[in-house]
1. Non-local amide H neighbours of A:Ile304 (under 5 Å, H modeled in plane, Pro and chain starts lacking H): which ones?
2. Mind listing the long-range amide H neighbours of A:Val72? Cut-off is under 5 Å, sequence gap 5 or more, other chains count too, H placed in the peptide plane at 1.01 Å from N.
3. First select every other residue whose beta carbon is under 10 angstrom from the beta carbon of A:Trp35; then total the charges, Lys and Arg +1, Asp and Glu -1.
4. Which entries of A:Lys174/A:Lys345; A:Lys390/A:Lys624; A:Lys340/B:Lys282; A:Lys566/B:Lys179; A:Lys345/B:Lys231; A:Lys66/A:Lys119 show an alpha-carbon separation above 32 angstrom in the structure shown?
5. Could you list which residues have their amide H under 5 Å from that of B:Ile143, counting only those 5 or more apart in sequence or on another chain, with H placed in the peptide plane?
6. Using the Cα centre of the stretch A:33-137 as the reference point, and only Cβ charges (+1 on K/R, -1 on D/E), how large is the resulting charge dipole? Debye, rounded to the nearest 20.
7. Need one value for A:478-490: mean number of C-beta atoms belonging to other chains within 10 Å of its residues' C-beta atoms.
8. Through the Karplus equation 6.51 cos²θ - 1.76 cosθ + 1.60, θ set to phi - 60°, convert the phi angles of the stretch A:143-152 into ³J(HN,Hα) values in whole Hz; use x for Gly and Pro.
Amino acid sequence: MSMTIEKLKEIREETLKRMNLRGLPSDKPNAPYRWSVAICMETSCMSSKSREIKQRLLELIERDGKTDEIEVVGTGCFGLCEAGPIVIVRPGDTFYYHLDVEDIDRIYESHLLDGEPVKDLIYPESITEDGYLSYFDIPFMAHQERIALRSSGHIDPEDIREYIAFGGYEALYKALIEMTPDEVIDVITESGLRGRGGGGFLAGRKWRATQVSPGDEKFIICNADEGDPGAFMDRSILEGDPHSVIEAMAIAGYAIGSDQGYVYVRAEYPIAVERLENAIGQANDLGLLGENIFGTDFSFDLEIRLGAGAFVCGETTALTASIEGRRGTPRSRPPYSADKGLWGKPTMINNVETFANIPYILLNGPEAFKKIGTEKSPGTKVFALSGKIKNVGLVEIPMGTTLRQVVEEIGGGIPNGKAFKAVQTGGPSGGCIGPEHLDTPIDFDSLTEIGSMMGSGGMIIMDEDNCAVDVARFYMDFIADESCGKCTPCREGTKRMLEILIDITEGRGDETSIPRLERLARTTELASLCALGQTSANPILSTLKTFRDEYEAHIKEKRCPAGVCKALTNYFITDKCIGCGLCARNCPVSCIKGERKELHVIDTDQCIKCGLCYSKCPVKAIVKK
Amino acid sequence: MIKLTINGQTVTAEDGMSILDAALAHGIEIPALCHDPDLKPESSCRLCLVEVDGRPWPRVACGTPVKDGMVVETNTPEIRATRREILQLLLDNHPNDCLTCQKAGECLLQKYAYEYGVTFRTHNGARRGGEKARFTDTSSPYILRDESKCILCGKCVSTCAELNERSVLSFAGRGFETKVAADRDETLEASTCVSCSRCVAVCPVGALIDRRVREKKIRPWEADRQTIQCKACEYGCEYEVLKKGDERVIRPLSPSGGRPLCLKGRLFVEAEVSSDLRTPYKKEETEKGRKFVRTTWIEALELDGILDRITCNETDSGK
Ligand SMILES: Cc1cc2nc3c(=O)[nH]c(=O)nc-3n(C[C@H](O)[C@H](O)[C@H](O)COP(=O)(O)O)c2cc1C
Ligand code: SF4
Ligand code: SF4
Ligand code: SF4
Ligand code: SF4
Ligand code: SF4
Ligand code: SF4
């Protein structure tokens, strides 16, 4: 089928009619539905039964013949994954959280049939005196601004028509019909969009370099390898709005002069792969991919390549090698991908989120994009917020938002009244940012200045119970394991750094430990072949900078101040003890002695540091030191 | 032609040349373990780091093309310090075995360690393959492999892959556990290795050793050395004769200039110059996989047919 703008508009109008409740830029024509129920179908909500909930709801609606009144939409991520499975009832965007399959019956009967929301299933923070806040008005959403995730949660990612209803593929039309390739690249350059995959490289400049590079065959690659521990921004975009990436890749193909694109996606993301496959199929069926798109002589094909599961395969040259079927190891540059990438041809690689911004920029213009964010880092960034934070989930914030706003307002602060210790950004290549920098605005340059980096969007919050040395050890463990082993400094150096960190956490550190770490850090930074090795010591360097006293306590006093490193932690009973005996009964090695109603004592030599007594004591008389 | 400055000396180079090659062409040596003029640069050992245009971030000389007006320093204190650290990292994971190592005297790791004053390890961290690892593959009568000495330069992998039908070696594993594997991590005997010894000829350390030379206990520095050409085919691959007293052994030299090296050629040269002819072996497919089996010199050199003809002929004409 070949697509025309008239057909696109027709699909849009036609589909909009049934999307009257989805908070749309439409004037809500003849409203067919009374209720629209959105159920998050993202990996993390699916793992907590959202599929069964949807199934059950469909059964109820079917049973009562209400299919014309109530629509059920499986959508992408709403963000607050911690509250999953999430169901949003529209109109009103009423936010139901932590649902069980049985709960949907009550929502159906009360809310959908009788118009009476089920208060005890509604997210508490959205309950006010005079009713219920819309999901989009809860404190978690307050500072957020959605560009990359603009359609997630609104549309059904498995239905291209809903994407089109939201203005989808109009940017592609605009590019193909109204703009020259040069103009497209000018707009991207002018928008100041920087790569969201970690490096923050200007997208427009990369597009231009590949466009002007001589060669009659060129490739576009979307990097969806997303290997940072805890990160799932790209997965969410692919699961919630795959067409935004497909459309952007076609636009890039037109601008650069490429008719073939590849999405390199982790094999561990089966749902994303399935949605992407489905979306590519639908785009092909509608003539939005394939030959002569919109009747022009521009053709573009898209294929999926599954990643081999190594973190380093996210690195441009390793990724290319992996697609070519070779061992996924980085190579030295030059030549750069823009000149010699996939199969030696000019190749342009962008990250998923970078692509997801493109249609927005083309449709709304570079000025609109630049209004959001900061001067040098325009736009938004998606972060996966996790760790010791109340609102675990996916957030999209304008650049320039401060870390404090994210932690305290969007994130809802640290649970259990604990004190904030650090925020880790940039994944294993990034660093730990201490409380003194909480007011730093989040943008590419500010984060680098304080010894961390933007990275691809992992953001892990730590509280007083996290040990800085243990955190550094965790990341070094990851890096040493993921080093591809090609170059000497990274292969050998990360292993030695890991060994030294393990020594420190197990009480074998000595006065040479820190200087050796610093020397190794310098060598890996200066001499490694790719960014994995070059940045491998960042977690050490950044924790050393802010928490040097903690390293020294481990080394000199053989003490872990946070009580995390087992070998250095001992349990003691203080005189708060009321002699209840609970600890003694729970201790698996029976090393707690004491008479009833008298102070109990732990035999530290026998203690295996399991921590059971610590958690059982009703008066918190037991301390870790 | 391009003009650049290396260590204050103005030199000319061809466009597209690497800094390393440009320096070498003017007699300026830059240490490198993974570089081989016949192979594509891997830039993996990272020893050839140099300072370019005064920038704080060093570049690898083997992978950086020269530019007009470029100013290169190959021996600043910072660069030397970084090289020392890299060498230390290699020796930290290396057996202390120069005393009995066949490669001693021509080992590049040993040479650079000497130049940079780096000693064997002083810590008790892990070593690849464990403390006792030695001669991890003794299955081949021609080649000894010792993974514990391998510095993963990749030259053997590249040289073996130069000939499509060979490509026996590849990297396996990752990180600290990376190693060179024959086919699917098999022994040289069980693999498709054709015993050409290209890999042995390029290995910069004692990780791949010519077994027959080692059995003779001749190390290169104590031998009279002479290069000869194989006459088995028109390529004329180069072999080196090592002579010590009455003993003579041969070993293949680096297969430069597109020369393939092969087992038959090696045996030809052995037959020609070695002081004693040791049993030749050839690989056979058996029920239990590939095996090295003893053979005769006549069969190994594929002389049977010719010999038959010659003997026939001579008996005939003698009549
Ligand atoms: C070890 C390593 C892993 C990487 N992993 C990813 C990844 O998973 N996804 C990604 O988009 N970029 C990753 N990158 C960055 C890419 O090399 C590349 O810069 C990026 O895909 C370019 O796209 P962008 O300009 O749109 O950010 C990684 C880089 C390194 C060094
Ligand atoms: S820095 Fe690490 S990951 Fe990168 S090429 Fe070297 S060994 Fe491989
Ligand atoms: S930490 Fe575990 S082993 Fe030690 S005293 Fe408490 S309960 Fe017993
Ligand atoms: S549980 Fe607490 S209060 Fe009870 S005996 Fe043990 S230390 Fe004392
Ligand atoms: S390989 Fe080199 S450094 Fe290692 S033991 Fe042999 S001679 Fe010494
Ligand atoms: S001897 Fe030849 S075929 Fe065998 S591994 Fe070495 S280079 Fe490859
Ligand atoms: S065996 Fe020799 S040539 Fe091969 S990688 Fe190891 S050190 Fe390099």
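1. Residues meeting the amide H criterion: A:Val263.
2. A:Val37
3. Values: positive: A:Arg34, A:Lys66, A:Arg90; negative: A:Glu69, A:Glu71.
Within the 10 Å Cβ shell, the charges total +1.
4. Numbers: A:Lys174/A:Lys345 28 Å; A:Lys390/A:Lys624 25 Å; A:Lys340/B:Lys282 43 Å; A:Lys566/B:Lys179 34 Å; A:Lys345/B:Lys231 42 Å; A:Lys66/A:Lys119 23 Å.
In this structure, A:Lys340/B:Lys282; A:Lys566/B:Lys179; A:Lys345/B:Lys231 lie more than 32 Å apart at Cα.
5. B:Arg211
6. 360 debye
7. Values: counts 0, 1, 3, 4, 2, 5, 5, 11, 11, 9, 15, 7, 4.
Across the residues of A:478-490, the mean count of other-chain Cβ atoms within 10 Å is 6.
8. Once θ is set to phi - 60°, the couplings for the stretch A:143-152 become 8, 7, 9, 10, 10, 5, 9, 4, 9, 4 Hz.
Every number in this text was worked out from the coordinates using simple rules, so none of it is lab data. From a predicted model like this one, the values you see are computed outputs, not experimental measurements. Positions of Cβ are backbone-derived with ideal geometry, glycine not excepted, and every protein chain shown enters the neighbour counts.
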